[in-house]
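> Below you'll find the structure I mean.
No lab work stands behind these numbers, since they all come straight from the coordinates. Keep in mind that this is a model prediction, so the values were computed, not measured. With ideal geometry, Cβ positions are generated from the backbone for all residues, glycine too; neighbour counts draw on all protein chains shown.
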Amino acid sequence: MNSIETIILGIVEGLTEFLPISSTGHLIIASSFMHIEKDEFTKLFEIAVQLGAIISVVVLYWKKFFDFSRVQFYFKLMIGVVPAVILGLLFSKKIDQLLESPLTVAITMFVGGVILLFVDDFFKNQKIDSESEISNKNSFIIGVWQCLAMIPGTSRSAASIIGAMQQKLTRRVAAEFSFFLAVPTMLAATGYKLFKAFKENPEILKNHSNIHALLLGNIVAFVVAIIAIKFFIGFLQKHGFKLFGYYRIIASLVLFFLIWKGIIQ
């Protein structure tokens with residue numbers, strides 16, 4: 001990948017990681033339009049570029065993440081990430097295979113879009129309007145919902161937010177807890193992928209152009225993710241999920257078209 005391609009993918013990651021529209025699907029579409037070859041480094045990049053987005057959450061909510069007197073906050077996150085860690089380790093190879101199936105991504109993007117059209121009607125009379133009101137049981141169940149995102153195209157953000165709303169969290173608190181839960185979840189997934197890549201192919205991270213691409217992509221993803229998170233919280237409180245549902249359906253149709261035309265194999 002050249003620098004322009006790296007910047008574009010960083011922008012795509014930053015924009016889509018915390019919106020309920022599937023960052024995986026958008027990275028596949030963007031890569032296909034730019035004719036980026038799907039080699040081992042490209043697959044690694046699409047995972048590792050999440051680090052920039054993770055750091056954006058920590059920076060935006062630094063008071064919560066660095067208030068060490070709030071032990072219960074950290075405990076809730078650990079409980080929430082347990083299901084993803086267990087299932088991720090058990091089904092790592094299967095997940096990798098699904099990531100190589102654009103058709104799976106297109107289908108789940110479409111289905112998820114249809115679901116988002118009705119989410120606001122499904123969940124009403126939400127009661128939990130503060131992170132401190134979230135119980136350990138709520139955290140675990142939201143973590144189980146988050147595991148749906150192991151099916152590429154589902155969107156980790158969408159799965160965890162819907163799970164949180166099913167647990168009676170308001171839209172704002174559901175979105176924020178989804179962001180918080182993303183930090184240990186994505187750190188674990190990214191760290192595991194980097195370790196695995198280095199173990200299987202040490203040269204992949206010794207190439208200076210690869211290191212440059214990872215640094216540049218993560219910096220761009222960090223800056224763009226901060227903007228996206230601020231926009232999303234405000235938009236969600238006023239307008240709900242319906243627009244994201246329509247967008248997902250349109251994006252999935254674009255992906256179906258690219259697959260049908262053979263542009264994406």
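> If the Cβ limit is 7 Å and pairs must be 6+ apart or interchain, which residue in region 26-40 that is without any contact (Cβ under 8 Å) to a residue 24 or more places away in the chain pairs with which residue that is surrounded by 14 or more Cβ atoms within 10 Å (Cβ to Cβ) and among the charged types (D, E, K, R)?
L27/E13; L27/E46
> Output the number of residues of region 52-63 satisfying the condition of being surrounded by 17 or more Cβ atoms within 10 Å (Cβ to Cβ) and over 30 Å from A213 (Cβ atoms).
The qualifying residues number 0.
> Which numbered condition trips up I29, out of (1) within 23 Å of I107 (Cα to Cα); (2) among the hydrophobic types (A, V, I, L, M, F, W, C); (3) crowded, with 19+ Cβ neighbours inside 10 Å; (4) in contact with an Asp or Glu (Cβ under 9 Å, 6 or more places away or on another chain)?
If we test I29 against (1) within 23 Å of I107 (Cα to Cα); (2) among the hydrophobic types (A, V, I, L, M, F, W, C); (3) crowded, with 19+ Cβ neighbours inside 10 Å; (4) in contact with an Asp or Glu (Cβ under 9 Å, 6 or more places away or on another chain), just (4) comes out false.
> Could you list, in sequence order, all residues of region 126-160 that are over 17 Å from V85 (Cα atoms) and β-branched (V, I, T)?
Of everything in region 126-160, those that are over 17 Å from V85 (Cα atoms) and β-branched (V, I, T) turn out to be I128, I134, T154.
> From the list V105, V173, V114, V183, pick out the single residue that is within 21 Å of E17 (Cα to Cα) and within 13 Å of the chain's Cα centre (by Cα). Explain how you work it out, then say what you get.
On the way: V105 fails: within 13 Å of the chain's Cα centre (by Cα); V173 fails: within 13 Å of the chain's Cα centre (by Cα); V114 fails: within 13 Å of the chain's Cα centre (by Cα).
None of the others qualify; the one that does is V183.
> Go through (1) over 28 Å from I161 (Cβ atoms); (2) touching a residue at least 40 places away in the same chain (Cβ under 8 Å); (3) of a type outside the set (K, R); (4) surrounded by 14 or more Cβ atoms within 10 Å (Cβ to Cβ) and name the single condition L255 misses.
Unmet for L255, out of (1) over 28 Å from I161 (Cβ atoms); (2) touching a residue at least 40 places away in the same chain (Cβ under 8 Å); (3) of a type outside the set (K, R); (4) surrounded by 14 or more Cβ atoms within 10 Å (Cβ to Cβ): (1).
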